[in-house]
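Below you'll find the structure, written out as structure tokens, and then a few comments.
The values are calculated or read from the model by the stated rules, or taken from the named source; none is laboratory data. Source: prediction; values computed, not measured. Here the Cβ positions follow ideal geometry from the backbone for every residue, glycine too, while neighbour counts run over all protein chains shown. The area values use the complete protein model at the heavy-atom level, side chains included, leaving out ligands, DNA and RNA. Shrake-Rupley method; radii C 1.70, N 1.55, O 1.52, S 1.80 Å.
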Amino acid sequence: MKKKIVIEDKMQRGYYYLTKETGKDFDEEFKPELTPKEMLELGVFGGKYMTDCINEFPEEWFENAKLSFFKKDISLNYFGVDASLPLETWRAKGWINHADPRGWFQWYCRYYYGRRIPLEDSRQIKRWKAMRRHIGAIRKNCTPLDLNCRKKQRQALLHWAYDSRKI
């Protein structure tokens, strides 16, 4: 399987190839709890993150997505809070790879879709695993399933494909 995907959005032009079946053949250490479609439906990144990339991904990912086409709308986030750092901060910290100029979620969408870049995949999976520390903080400080406790950490976990509604 090798399918060419053309990228034409505000931040990037080019292409990449899908070499794996969508949602399959993940690294054995990478076990996201949410798919990109589920994340978009729950409400992440103030609805603004993917609005100019819709044509790159399967149409069904966006059928019930909470999107804001003009500006970030925090009320669209599942927990109603802003849990994002500005892209400039991500760049300054060296968290952005040129292949995915929007960061982790763009990488995850492309990885889930079937693109593989071994070194970048390894780096991003390591970053994903590091987010687990927030699960520990929620468990330590909150009553189980109290979704009003530590909303910002819960929203951040949703941004990283952890289903923080179940903690």
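Numbers at a glance
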read-out: Test: residue in the stretch 116-128 that is part of a helix (DSSP H, G or I), among the aliphatic types (A, V, I, L, M), closer than 28 Å to Leu18 by Cα and open to solvent by less than 50 Å² (accessible area, probe 1.4 Å); value: yes
read-out: Conditions (1) open to solvent by 40 Å² or more (accessible area, probe 1.4 Å); (2) closer than 20 Å to Arg165 by Cα; (3) touching an Asp or Glu at 6+ places or on another chain (Cβ under 6 Å): number failed by Asp82; value: (3)
read-out: Which listed residue, of Gly14, Gly94, Gly46, is of a type outside the set (D, E, K, R), loosely packed, with under 12 Cβ neighbours inside 10 Å and at pLDDT 90 or above; value: Gly14
read-out: Pairs, first among the β-branched types (Val, Ile, Thr) in the stretch 9-32, second surrounded by 12 or more Cβ atoms within 10 Å (Cβ to Cβ) and at pLDDT 95 or above, C-beta under 6 Å, six or more apart; value: Thr19/Arg116; Thr22/Tyr113; Thr22/Gly114
read-out: Some residue of the stretch 108-115 being out of contact with any Pro (no Cβ under 7 Å at 6 or more places or on another chain) and open to solvent by 40 Å² or more (accessible area, probe 1.4 Å); value: no
read-out: Unique match (being assigned to a helix (DSSP H, G or I) and hydrophobic (A, V, I, L, M, F, W, C)) among Leu40, Leu67, Leu34; value: Leu40
read-out: Some residue of the stretch 98-106 being more than 18 Å from Phe45 (Cα to Cα) and in a loop (DSSP other than H, G, I, E, B); value: yes
